[in-house]
1. I'd like to verify a number: residues in region 1-43 that are over 28 Å from residue 227 (Cβ atoms) and in contact with a Pro (Cβ under 7 Å, 6 or more places away or on another chain), how many?
2. Got at least one residue in region 292-306 being within 18 Å of the chain's Cα centre (by Cα), outside the structural domain of residue 101 (by TED's automatic domain parsing) and among the acidic types (Asp, Glu)?
3. Taking the criterion of being within 18 Å of residue 265 (Cα to Cα), of a type outside the set (Gly, Ala, Ser) and touching a His at 6+ places or on another chain (Cβ under 8 Å), would at least one residue in region 66-85 satisfy it?
4. Run down 84, 96 and say which single residue is at pLDDT 90 or above, surrounded by fewer than 18 Cβ atoms within 10 Å (Cβ to Cβ) and not small (Gly, Ala, Ser).
5. What number of residues within region 9-28 satisfy the criterion of being under 14 Å from the mean Cα position of the chain (by Cα) and assigned to a loop (DSSP other than H, G, I, E, B)?
6. Go through region 263-293 and give me each residue that's farther than 20 Å from residue 320 by Cα, of a type in the set (A, V, I, L, M) and in a loop (DSSP other than H, G, I, E, B).
7. Mind listing just one residue for me: the one in region 307-335 that is part of a helix (DSSP H, G or I) and under 18 Å from the mean Cα position of the chain (by Cα) and, of those, surrounded by the fewest Cβ atoms within 10 Å (Cβ to Cβ)?
8. Check region 26-33 and report whether any residue there is buried (at least 16 other Cβ atoms within 10 Å of the Cβ), in contact with a Leu (Cβ under 7 Å, 6 or more places away or on another chain) and not charged (D, E, K, R).
Amino acid sequence: MKIALIHHQYAKKGGMESYLVDLVHGFAESGDQVDLITSKVDPETPGLEHCVLYKNDVSLIPKPFRMYFFSRWLGDFTINRGYDLSLSVSRTSAQDIVVCGGTHRGFLRAMQIRPGLRDRLEIKLERQAYESSNRIMAHSRLMKNEIVELYGIDPSKIFVLYPPLDYLRFAIPHPEKRAENRARYGIHPDKTTLLFPSTGHERKGLDMLLKAFALLPETEFGLLIAGAPPRGKENRDNIRYLGFVGDMEKLYSAVDFTILPSYYEPFGLVVVESVQCGTPAIISNIFGASEILSDQECLIIPTLTPDGIAETIRRAVGHPFDIQPGFAERHQLTREEHIHLIKEQIPPRRS
């Protein structure tokens with residue numbers, strides 16, 4: 001098959017960019033011809049050897065309008081290329097399937113942000129993407145409901161497909177290996193240690209989590225923060241900042257819990273990766289991945305306050321978690337299955 005994958009940038013930065021890398025590898029591994037259509041490329045991003053690159057540089061256009069011009073160019077570019085499937089993870093309007101890994105209106109509502117001019121432009125582009133695509137892939141039922149509620153899209157046009165994870169890389173380790181990983185990260189054997197993995201601390205709730213940790217005994221609880229450096233660091237003995245971590249599978253298996261008290265979480269792949277490594281999660285009640293997590297794998301924070309987070313952490317210490325191997329396979333989260341399920345949604349060709 002001839003596949004077009006569309007995004008305004010190809011770089012391993014956030015969740016959607018990492019998902020695009022998975023798509024490139026997944027379609028290439030299934031024997032498809034992959035054309036990558038973008039406007040900006042980081043040459044260090046994996047997968048470029050598996051695709052034909054088409055680039056339209058819009059960097060000279062003022063930032064708020066780049067997506068508009070990129071989308072307009074796409075229509076002329078793709079119309080006569082004969083793709084069996086065109087799939088976009090951007091707010092564009094020239095594809096068969098558009099992927100929703102979060103809605104802008106939903107984000108603004110959850111963060112209690114009043115929309116400005118740039119927000120209104122993004123919402124307009126997002127609406128056009130939903131209306132012009134034959135199908136919409138929502139990365140959770142939470143996202144499907146937002147598309148219907150906030151954009152008025154017919155629900156029959158939307159299918160839910162959770163993003164995949166690398167089930168060979170993320171797996172439950174042998175107990176000896178877990179002990180090695182704990183020693184590697186200097187985790188105290190008598191201290192319950194939690195991991196906060198994030199590239200967007202404000203949306204992920206770091207501010208509230210730090211307030212919650214102030215309510216917990218420093219001698220009993222520790223927090224590791226992996227990802228983007230925060231603006232201001234808390235000077236506490238039980239909180240450590242690790243920066244970006246390349247071998248997250250070892251870090252997941254080293255800690256006792258992964259925690260994300262997010263204000264808005266369309267899916268939350270890092271939590272699923274943690275569970276795949278055998279480490280239970282503590283998450284907020286606005287979390288797409290909760291749709292496939294049981295109380296044997298995660299606890300949900302009932303009220304997103306410092307007291308509510310601290311109480312849930314205390315409750316997690318004695319909770320009877322029971323994570324079984326093969327989580328990704330049970331929930332069709334392997335890359336191979338993900339590509340297969342996308343192909344089942346290929347719409348009839350436009351005339």
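1. Selection size over region 1-43: 0.
2. So far as region 292-306 goes, no, none of its residues is within 18 Å of the chain's Cα centre (by Cα), outside the structural domain of residue 101 (by TED's automatic domain parsing) and among the acidic types (Asp, Glu).
3. no
4. 84
5. 3
6. Within region 263-293, 286 is the sole residue that qualifies.
7. Looking at residues that are part of a helix (DSSP H, G or I) and under 18 Å from the mean Cα position of the chain (by Cα), I get 335.
8. no
The values are calculated or read from the model by the stated rules, or taken from the named source; none is laboratory data. None of the values given here were measured: they were computed from a predicted structure. We place every Cβ from the backbone using ideal geometry, glycine too, and count neighbours over all the protein chains shown.
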